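Notes follow the structure.
Taken together, the values in this text are just the output of simple stated rules run on the coordinates, not laboratory data. What you are looking at is a predicted structure, and each value in this text was computed from that prediction instead of being measured. Here the Cβ positions follow ideal geometry from the backbone for every residue, glycine too, while neighbour counts run over all protein chains shown.
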Amino acid sequence: MDEQQLPQERNEKNNNRNSPNTEFSFKYTELGGTSNRYLIVSYNSKTNIITSSTDVSGSNTTQKQPSESDEQELKEVVRANEFFKTKTDYPPEKEDENLVAHTLTITMGDNIHTTGWTGASKDIPESIIKIVNGIKKIVSKEKIV
């Protein structure tokens, strides 16, 4: 059926489906805790670079170019887990200076969303954990952190 469509219609249809020009970026952070942990991992499809740092000053930074399959895997994890439907905040039951705070911001096309939580937050959706695990899997596979 696609052969019978005009070339312009085929191109528009293909462009709307996972267009390589669709912006995709994320920024994941872990801050605090008893060991004063600091981790930031970011990616932007425009530069196609994953950057990580374990130093607040930014002096200990690693950058790598992920494979196309890694980027597609991350996009699919975000889509499958409906990140853009999660709440913006999952606070802990009580504040504690020893808690590690996590934030995740993702941009995909026209959608941008940020959510935050701690290790002691209640009712964190499993979907957020799956996305973070997907990020960490690629970061460790690429030996970025």
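Points to keep in mind about this one:
- Rounded, prolate or oblate (a/c below 1.5 giving rounded, otherwise prolate when a/b exceeds b/c) for region 22-141 by Cα gyration tensor: oblate
- Each Lys and Arg contributes +1 and each Asp and Glu -1, all at the Cβ; summed about the Cα centre of region 57-145, the dipole is approximately 220 debye.
- For the residue pairs K75/K141; K87/K136; K85/K136; K75/K122; K85/K141; K46/K85, the C-alpha atoms sit more than 19 angstrom apart in K87/K136; K85/K136; K75/K122; K85/K141; K46/K85.
- Label-to-label distance, S67 versus N111, with points set 7 angstrom from Cα along the beta-carbon direction: 2.6 nm.
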